[in-house]
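Inspection log for the structure reproduced underneath, given as C-alpha cells.
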Amino acid sequence: MFQKILIANRGEIACRIIRTARRMGIATVAVYSDADAHALHVEMADEAVRIGAAPVGESYLVADNIIEAARMRGAEAIHPGYGFLSENPDFVDKVVAAGLTFIGPSAASIRAMGLKDAAKRLMEKAGVPVVPGYHGEAQDIVLLASKAREIGYPVLIKARAGGGGKGMRRVDNPDDFAEALSGARREAKAAFGDDRVLVEKYVDKPRHIEVQVFGDDFGNVVHLYERDCSAQRRHQKVIEEAPAPGMTAELRAAMTEAAVTAAQAIAYSGAGTIEFIVDASEGLKPDRFWFMEMNTRLQVEHPVTEMVTGLDLVEWQLRVAAGQRLPLTQDQIALNGHAFEARLYAEDAAKGFLPATGTLHHLRFPAITPAGAEIRVETGVREGDAISPYYDPMIAKLVAHGPDRAAALAALSSMLAQTEVAGSTVNTAFLAALATDADFAAGDVDTGLIGRKQQALTAVPAPGAGVIAAAALAASGAEDGPVSDDPWAALAGYAHFHAVPKRVMLKFGGEELAARVSVEEGRWLVAPGTNATLSPSSVGAAPHPYPLPTNGERGAPASAPASFSPFAGRRYRQGDEGQRQPNTGSNLPSLARWPGHITVFDGAISYTFAVPDPLASADEAGGGTGSLRAPMPGLVKVVRAAVGERVAKGQPLLILEAMKMEHTIAAPHDGIVAEIATEGAQVSDGTVLVRFAEEAGD
C-alpha cells in the first residue's frame, strides 16, 4: 500500500479522500491555489503545496505543477478526485512517465470513453444498447441539421467531451437548431476545449439511471448496483438516490450486465460509472434503456452507493491502484436500505439557479439524526469561508440513509430543515420543496420533473409574522442583555407613564419594514411601525410578545396571538462572534446576524433582512432603473444588442458565462440601449452591463 499520496483536487472531495487515507494510515499532500490558501482541505492534509493563482487554468489544471508537487513531497501516487484533470488521459500519461501511480483507470480506458461519439460506437460493437442518433465525426451544420430531421424532433445536442450538462441543448423544432448548436458549441469549447457535438433522439420521459462499476488489473469487474440521478436542473444533478425507485429485477439484471460488459470491453480498472437513459413512459422495462456515457472516475454522488452497500469506494480505489484485487466478489456485495444525496449549492433557484458568491458568515449542519436513520455531511468549507466565482459553488452534500425509501427521504428532509447558511443565497428551500413534492416522494421522477414544476419548487412564501418579529427584535438589540455587570446598564430606558419603544427599520425584497420594540409587563413587544409598508396584516393584528429574560436566560414567547406562528423549541445564547447559537428550550426562531444583515431560519427556508445604517447616506449604491447589472461575476461571451438599438422587454441582450455555464441576460423592460458591455469583458457582481437612455418627453 502507498505511504503517501497527493490529491490533485480541492473542496469536499479532497477532504473526503483525506479521511479515508488517514484511516488507512496513508499520508496526504494537498495542493491549493491562491484562493484556497486557507481552505479546509489544506488544513486537513499532512502537507500542502501552492500550485498557482486562483483561475483553474493557472492552478488545478496545470498538470506539470501538480506532478512536480508530488515529486517534491515524495508522494507515490496521485488521486485526481473528480472534475479538473480526473478524466484527462494526457495527465495520466504524464503521471506514469514521472514514475508515479495514477489512482484511476489507464489512459487508454479514459480515451476509449472520453468522447461520447466514439464511446457509443464502441458500445454498439460490444452489444450494449445506445440511444438512436448521429455519433459521427462530421460537424457541418447542414449535415447535423439534416441528421436531426432524420432522427425526428425533439432532439438533444450534446458536447461529445465532458459532462455535467455543459454543452447540452434540447431542440424542439428545426427553426431553433442553429441557435442551439451555436450555444452548445460555445459552452463545450469553454468547458472542455472541444466544440464538437453529437445529436440524439430526445426521450419523452427520460430517467437517468447509472451503474457503479469497479474493475482491477486482474480482469475482475463487479457492479455495486444502480443510482437514480433523474432529479436534474439544467441537465445537472440535484438529488441522487440508490437504489432507483421502481426498479424491477429484470431491468436491474439487464442494466448491470450491460454495465459490466461495457467496463470489460475496455479492460477497465478502478471506479467508474456507466450512465444510461431509460424511457419510463410505460414503466421500467428491460428493453427501454440505452447507454449514454461512462464517467471514468469517482462520481460526486458516490456516497449513496457507499450507504447502501456499506463499502468505502475511495478505499477500493486505493487498493486497486496499489495492485490489489477487488476486495469482494459480486455475490458478496449486498444492497441494504435506501439512500439520498442532496447537493447544497450557493445559487439562486428563483432566478434560474444562477450561481452565487459570498462569505459563509453562518454555517450550521444537521446535529440531530432521525431515529432509525444514518446521516452524513460531505463538505469542504467552514463558517467564514468564501464562495468564490472561480470554482463550483457547492457548499456540501447532505446524505441520508434509512431502511426504506420513505424513511431515507424523511431523514433527508430533516437534514435540510436543520441546515443553516447565511451570507450567500443557497438552494436549501428548493431542495426541501423537491424532497416533499408529491411526484418525487412517490418515485415518479424523470429528468423533466424540475423543469415542469420549477416555478412552484422555487417559490418562497413571504416571511410570516413570527419571522419579521424575530428579525426586528434581533435588529433592536433588545434581547442582547447588558454589556457589563453594572445593574444600571440593564435599564431599558425611562418614561414616566410607559416604556420607551425602540423603532427598528429593516429591508426585505426591496421594501422598507418598520417595527417598534418595547418592554411591557416583563415582555418584549414587537409591533408594526408607523408610516411604513410593514402593515398589521404583515405581522398580525396584535403585537408579538416575548418575555424578558429571567435568571440570566433568554425568554420564551408568551402565549401568542393567533396570527403569530410559533417556532420549534430552541433558546439562544450570544456567540463569541455575534451569532446566536442554538441551545435548548424556547420557541424563538434560529437566526444569524452578520454585517448589515439578519437571516432568520424557518425550517429549510431562510429570510435575509438588510439592517440599514441610520448614519449612512441615503444614496443607494445599486443605481437607478435605467441600468442592468450583472447578477454574478462572469465573462461577457456574446453581445446581441447595439448602442442606439430599441429593445423590447425579454429580448436577449448578451450572454454571460459564469462557472462554465452560459446565462442569457434579457432586457427588463422596453427601451433604447445607451451603453452596453463589450464582448470578452470580465465583470464582477453588480457591474453595469447595459445602460438605457431616457427617451424624450420622459
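Values in this text are rule-based calculations from the coordinates and carry no lab data. What you see is a predicted model, and the numbers here were worked out from it, not measured in a lab. Note that we place each Cβ from the backbone using ideal geometry, even for glycine, and neighbour counts take in every protein chain shown.
Sorted by packing (mean other beta-carbon atoms within 10 Å per residue), highest first, where do 50-62, 266-278, 113-125 land?
With the highest mean Cβ count within 10 Å placed first, the list reads 266-278, 113-125, 50-62.
State, as an integer percentage, the relative contact order of segment 207-330 based on alpha-carbon contacts under 8 Å between residues 6 or more apart.
Computed value for segment 207-330: 31 percent relative contact order.
Assuming a ≥ b ≥ c are the square roots of the Cα gyration tensor eigenvalues, decide whether segment 218-332 counts as rounded (a/c under 1.5), prolate (otherwise, with a/b larger than b/c) or oblate.
prolate
For segment 336-352, take each phi angle, set θ = phi - 60°, evaluate the Karplus expression 6.51 cos²θ - 1.76 cosθ + 1.60, and give the result in whole Hz per residue in order, putting x for glycine and proline.
9, x, 9, 9, 10, 10, 10, 8, 8, 10, 7, 7, 9, 4, 5, 10, x
Rounded to whole Hz and in sequence order, give me ³J(HN,Hα) for segment 185-201 from the Karplus expression 6.51 cos²θ - 1.76 cosθ + 1.60, θ = phi - 60°, writing x for Gly and Pro.
Rounded to whole hertz, the list is 5, 4, 5, 5, 5, 5, 7, 10, x, 9, 9, 7, 10, 10, 10, 10, 5.
How large is the Kirkwood hydrodynamic radius of segment 134-238, in angstrom, based on all distinct alpha carbon pairs?
When all Cα pairs of segment 134-238 are included, the Kirkwood radius is 15.2 Å.
Which of rounded, prolate, oblate describes segment 222-262, given a ≥ b ≥ c as roots of the alpha-carbon gyration tensor eigenvalues and a/c under 1.5 marking rounded, otherwise prolate only if a/b is larger than b/c?
It comes out prolate by the Cα gyration axes.
Please report how far the C-alpha centroid of segment 108-145 lies from that of segment 272-333, rounded to the nearest whole angstrom.
Cα centroid of segment 108-145 versus Cα centroid of segment 272-333: 22 Å apart.
Once you sort the root eigenvalues of the Cα gyration tensor of segment 273-356 as a ≥ b ≥ c, which label holds: rounded (a/c under 1.5), prolate (a/b larger than b/c) or oblate (the other case)?
oblate
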